[in-house]
Amino acid sequence: MEQFVGGEIILFITILCVLGVFLWLFVLIFIRRKNMLLARQYQAEKEFEAELAKAQVEIQQHTLRNISWELHDNIGQLLTLAKIQAQNAQEKPAELVQAIDSIGEALNELRDLSKHINPESLKNLKLHQAIMAETDRFNRLGVIVADTQIKGTPIALNAQEELLLFRIVQEFFTNTIKYAKAKKLNVVCAYSENTVAIACRDNGIGFDPSQIHEGLGLRNMRHRAAILGAELLIQSELKKGTTLELTYKKDSYDS
């Protein structure tokens, strides 16, 4: 009898030890997986912060290029015209009035430029407003005929989300202006309850995706969309133009 009881105690202790080992292994695996998850989250956050900082620098560089562009190709030309008109006014007094008008137009353009590059103005712009400001500038400078439509009620996004979304769209604009030889650009920014869908289309020369090596600009666009958890589709056809479709659900990055 004592041997039987002793055997039960040994069996019970053995079972407890086995259960203890399994429990220890379970806790160890759980902690390891939790640490791996935390490490991935930390890496994702650092990558997001790095991409955000890069996008901010790109915005500053883009703004400086725009200032140079407008000063040289727009305001500079108006002032040059005013100078010629003022010189001609000695023989043609009517040209003096035209010179004054040209100077007034240059001052108006300078005020608009100053307003658009003001840090506070830029900081307070929402995504749809920033897109409209960009396409309005294209129309004002005559580089392309741009049509922008805003559909639905804009939803609230945080500044980081809006910055990266805008940089994706702005990269498409840059490619359209520099490479596509397009005459028209159509942009639709559609909002629903928790989603923003942006569609951009130009009528440029297009390209064959199977024949074109994906450059840094396209890689940046895809990378930023992936970081945000946004859906990005870029389609192009030779001689028919290029289309960008960008869809972002609010809080996709957080989820």
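The values are calculated or read from the model by the stated rules, or taken from the named source; none is laboratory data. What you see is a predicted model; the values in this text were computed from it and never measured. A quick note on method: Cβ atoms are made from the backbone with ideal geometry, for glycine too, and the neighbour counts reach across all protein chains shown. Ligands, DNA and RNA are excluded from the accessible area calculation, which covers all protein heavy atoms including side chains. Shrake-Rupley method; radii C 1.70, N 1.55, O 1.52, S 1.80 Å.
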query = Counting just the residues of segment 75-106 that are touching a residue at least 24 places away in the same chain (Cβ under 8 Å) and open to solvent by 80 Å² or more (accessible area, probe 1.4 Å), which one comes out nearest to R137 (Cα to Cα)?
reply = E105
ask   = Give me the pairs: first residue in segment 188-201 and assigned to a strand (DSSP E or B), second residue open to solvent by less than 40 Å² (accessible area, probe 1.4 Å) and basic (K, R), beta-carbon distance under 6 Å, and six or more apart or on different chains, which are they?
value = none
ask   = Taking into account only those residues within segment 225-239 that are at pLDDT 90 or above, farther than 26 Å from E49 by Cβ and open to solvent by 40 Å² or more (accessible area, probe 1.4 Å), which is farthest from the chain's Cα centre (by Cα)?
value = Q235
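When you check A146 against the structure, is it in contact (Cβ under 8 Å) with a residue 12 or more places away in the chain, of a type in the set (G, A, S) and assigned to a helix (DSSP H, G or I), yes or no?
Details: in contact (Cβ under 8 Å) with a residue 12 or more places away in the chain: yes; of a type in the set (G, A, S): yes; assigned to a helix (DSSP H, G or I): no.
Taking the combined requirement at face value, the residue does not satisfy it.
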